[in-house]
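FYI, it's all coordinate maths here, none of it is from the lab. On a predicted model such as this, the values are computed, not experimentally measured, just so you know. Every residue, glycine among them, receives a Cβ derived from its backbone with ideal geometry; neighbour counts consider all protein chains shown.
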């Protein structure tokens, strides 16, 4: 199953509302507010790469308050 880690930069003061909206999106597995260069880190997954692309381009980037994203496509995961 294709997955991606997305690093999100938000408008100042919009972190909580952006995270809340992201949590409601289908395909979003985990959302974490973080300190540092980025404000939010999220893990997304979909049945296909086209589906993953659709979540990122049409859903995630449409969330008000998001300034920029960096997408890291997962190549392999190790079970913990």
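Taking 28, 37, 63 as the candidate residues, the one with maximal mean-square fluctuation in a Gaussian network model of the chain, Cα springs under 10 Å, is 37.
Label positions at residue 34 and residue 70, each projected 7 Å from the Cα along the C-beta direction, are separated by 0.9 nm. Normalised by the number of residues in segment 3-73, the mean separation of alpha-carbon contacts (under 8 Å, six or more apart) gives a relative contact order of 48 percent. Per residue of the chain, the DSSP helices (runs of n ≥ 4 H) give a summed -39500 (n - 2.57) that works out to -5000 deg cm²/dmol at 222 nm.
For the chain, the spread of Cα coordinates along the three principal axes comes to 34, 27, 18 Å, biggest extent given first.
Put in order of Cβ neighbour count within 10 Å, fewest first, the listed residues 78, 10 become 78, 10.
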